[in-house]
Structures are given as C-alpha cells and as structure tokens.
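**Student:** Below: one structure in structure tokens.
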Amino acid sequence: MKLEEEIVRRQRDRARITAWLLGGFVVLLFFITIAKTGINW
Amino acid sequence: MPAIEMSNPAALPADWRDIFALTKPRVMRLVVFSGLCGLLAAPELPPLVLSFTAILCIALAAGACGALNQWYEVELDAKMLRTARRPLPAGRMDRAAALHFGVGLGAFSVLLMGLATNWLAAGLLAASILFYVLIYTVWLKPRTPQNIVIGGAAGAFPPLIGWVAATGHFAALPLLLFGIIFLWTPPHFWALSMFVRSDYAAAGIPMLPVVAGPQHTRRQIFGYSLALAVAAVAPWPLGLTGPIYGIAAVGLNIGFVVFAARVLANRASEPAQMGPEKKLFGYSVLYLFVLFGALVADRWLPW
C-alpha cells in the first residue's frame, strides 16, 4: 500500500510539473512568434 | 566500457528531484553565465524573448549533456565517493529513462534554438552536445590523460553560441572567449583532480595526476595558467574590449598565476595537504565569473 501511494505521489508530481512546463512552452512559443514576425506592441 | 542495461522494471517512477539532479544544475550555472555573457557582449541584441530563449536552450543543452554523461558513466560514478549518491548509481532511477530524457532534452534545445534565433547557433549547440557526449565522455575521458584538454572545448562553446545566437555570425572576440575557457579548463579540473585523485584512480579514469603524478600535473597547471593569462588579456590590446575588461583581466590573471605558482611550489602528495590546489580550484570558478562579468560591464557601461 505504501509503495503504491509513493508511486501515485511521484506520478502526480511529475504530471503537475510537465503540465506547467508545457504551458510555459506554449506561452514562450507565442512570444517567440510575435518577436520573429516583428510585431511591436 | 560500462555494460548497458536498458531497463530496470523494479524501479519506481523517478522523483522529479532526481530528474532535475540528472541535469547537473551546479555545472549548468557556469555554462548559462558564460553563454549569457557571450550574448550580452555582442554588438547587437535580439529582442528580449529571443535572448531569453537562446540562454534557455544553452541551459537545456547543458542539462542534456549532464543526463547523457550520467547515463553513460553510471558504473564509474558508482565507484567514486563524490558521485556514488547520484540518482543512477544510487538506484533511484531507471537508466533507460535517463537516456530518453537526455536525448529528448538535447534534441528539443537544438530545435528551439534554431526556430528562435538562427540555425548556425543551433548547429553549434548540437556540435557542443555531440562533442561533450561522444568525443569527451565516450572517447577521451576513459582513454587519455589529455581528456580534459581536448574535452574542455565542449565547455568553451557557450559564449560562442550566445554571441552567434545574437548576431548570426562568428567574430574574433567570441573565438577568443572560446579560447579562454578552453585554456582555463585544464588548470581548473587538474586542481580538482589533484585532491580527489584516489576517486579517479578507483574508477580507472586516467586523469593526469593519476597517470603522470602530482609534480608533472603541477607543472602543467602552471604552464596552462600562463597561456590562459595571455589569451585572457589579449582582447584588450587587440582593441576588442575596453579598459574595464582589460584592467580586470590583468588583475585576475596575476591572481591566477600567483595561485598556480603556489601549487607549483607545493610538494604534498596527500589530499589533506593540498591547500594550494583547493584554493586554485575555488579561485578559478570566481575568476571566470568576474572575468566574464567584466566583459559585459565593459560592453554596457560608459567609460
């Protein structure tokens, strides 16, 4: 039981971090596109 | 050569802290700093987001190198006190996962660099990863005491990549920056390997102090320190930098040569008596931070 809890905890931690990183990457790609196309705000 | 076992079904999913540790965050700091300085020293700066992305890619590539290095050297790491507690030798992580993570991170960093800045910078980034993993880790490190000398080129790439990411082309100053880190690496690593010599000997890695002995290594450290001083001061008389960098370089290199001379004068063979070597190692890290900091200050501060 304890092992299973540890597995679930680690999987949740990794899923959360992956989600944040993917979100950050999408935002970064958006701003890279803006910068590359030369749009000034 | 370590036997490659591709999976460990008994392993738990790796903790994110262990995945992060695979990237050797402490080594990454110096890589990121030198890359950032190369970028900030360039005559033109890309938009902030592209500059940030270039540095991010250098950091990710350094992380990929760390992961692939640890994947390949798991059996060597297990034999050394300094590295035995890393995630792979300690059995906290599946080896195949480290390989996939390293390859994925490296490919991602190169692709993102190419899309965000230019493909010359991306090519240099790919070359630096391949050089570190294939030329240094796999080929040179287990075979020759000159491993650090040639392998040092891998660590010398970041300022060049930073500059090329900003400008899209090579120039004399970033090539000199490459040369400075190339010449800085042997005295830095040999000073370290002097007082962890038994670790390297236990792992069978032919570091210079293990193969040629402490006195020969001390002479080499001193010789490289003199060559480093010439390369580090050169940008000033060549007109590539101003007096802020020049004065800092002269002062820092006098210090470096003095520390190296103390190493040369030391006759100890026991790690406990290697105070000068430990001081040179510590100073060499500070040296690079201050020298590259002065380079950026020289570029941006009015004089």
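**Student:** Summarise the partner chain shielding of A:8-14 as one whole number: the mean count of Cβ atoms from other chains within 10 Å of each residue's Cβ.
**Tutor:** Working: counts 1, 3, 6, 2, 0, 4, 5.
Whole-number average of other-chain Cβ neighbours for A:8-14 is 3.
**Student:** In Å and whole numbers, how far do the C-alpha atoms of region B:154-203 stretch along each principal axis, longest first?
**Tutor:** Computed over region B:154-203, the largest-to-smallest principal extents equal 45, 16, 9 Å.
**Student:** Just B:LEU12, B:LEU39, B:LEU60 to compare: in a GNM of chain B, with alpha carbon springs under 10 Å, which one fluctuates most?
**Tutor:** Residue with maximal mean-square fluctuation among B:LEU12, B:LEU39, B:LEU60: B:LEU12.
**Student:** Continuing with the same structure: Where Rh is the Kirkwood radius over the Cα pairs of chain B, the temperature 37 °C and the viscosity 0.692 mPa s, what D in µm²/s does Stokes-Einstein return?
**Tutor:** Here the translational diffusion coefficient equals 164 µm²/s.
**Student:** Given Cα positions, please report Rg to Rh for region B:171-303, the hydrodynamic radius being the Kirkwood one.
**Tutor:** For region B:171-303, the value is 1.04.
**Student:** Based on Cα coordinates alone, diagonalise the gyration tensor for chain A, multiply each eigenvalue by 5, take square roots, and list the semi-axes in whole Å, largest first.
**Tutor:** Whole-Å semi-axes of the equivalent ellipsoid: 39, 5, 4.
**Student:** With the alpha-carbon atoms as the only input, what is the per residue convex hull volume for region B:95-206 in Å³?
**Tutor:** On the way: hull volume 11.2 nm³, N = 112.
Cα-based convex hull of region B:95-206, divided per residue, equals 100 Å³.
**Student:** Can I ask one more? Provide the packing ranking of B:98-109, B:18-29, i.e. peptides ordered by the mean count of other C-beta atoms within 10 Å per residue, highest first.
**Tutor:** Result, highest mean Cβ count within 10 Å first: B:98-109, B:18-29.
**Student:** What number in nm² do you get for the protein assembly as shown if you take the convex hull of its Cα atoms and divide its surface by four? Before the final figure, lay out the partial values.
**Tutor:** On the way: hull surface 75.8 nm².
Result: a mean projected hull area of 19.0 nm².
**Student:** Ordered by residue, what ³J(HN,Hα) values in Hz, to whole numbers, does region B:43-60 give under the Karplus form 6.51 cos²θ - 1.76 cosθ + 1.60, where θ = phi - 60° and Gly and Pro are x?
**Tutor:** 3J(HN,Hα) across region B:43-60, in whole Hz: x, 10, 10, x, x, 3, 5, 6, 4, 4, 5, 4, 5, 4, 5, 4, 5, 5.
**Student:** Something else: How big is the Rg/Rh ratio for region B:14-166, C-alpha atoms only, Rh by Kirkwood, two decimals?
**Tutor:** Rounded to two decimals, Rg/Rh equals 0.99.
**Student:** Take chain B, connect every pair of alpha-carbon atoms lying under 10 Å apart with a spring to form a Gaussian network, then pick out the residue of B:ALA272, B:ALA154, B:ALA54 with the largest mean-square fluctuation.
**Tutor:** B:ALA272
**Student:** In region B:171-303, if the dipole is taken from +1 on Lys/Arg beta carbons and -1 on Asp/Glu beta carbons about the Cα centre, which of B:ALA261, B:LEU291, B:PHE281 is farthest to the positive end?
**Tutor:** Projecting each Cα onto the dipole axis, the largest value belongs to B:ALA261.
**Student:** Additional query: Tell me the label-point distance for the pair B:ALA96, A:ARG12, using the 7 Å Cα-to-Cβ offset, in nm and rounded to one decimal.
**Tutor:** In this crude spin-label approximation the distance works out to 2.8 nm.
**Student:** Then there's this: Across region B:36-41, in residue order, what do the Karplus-derived ³J(HN,Hα) couplings come to in whole Hz, using 6.51 cos²θ - 1.76 cosθ + 1.60 with θ = phi - 60° and x for Gly and Pro?
**Tutor:** Once rounded to whole Hz, the list reads 4, 5, x, 5, 6, 7.
**Student:** Let me ask another. Of the candidates B:SER51, B:SER269, B:SER284, which one comes out as most mobile in a Gaussian network treatment of chain B with C-alpha springs shorter than 10 Å?
**Tutor:** Among B:SER51, B:SER269, B:SER284, the largest mean-square fluctuation in the Gaussian network model of chain B belongs to B:SER269.
Throughout, read-outs are computed from the coordinates displayed, never taken from laboratory work. Remember, predicted model here, so these are calculated numbers, not experimental data. Heads up, the Cβs are rebuilt from the backbone with ideal geometry, glycines too, and the neighbour counts pull from every protein chain shown.
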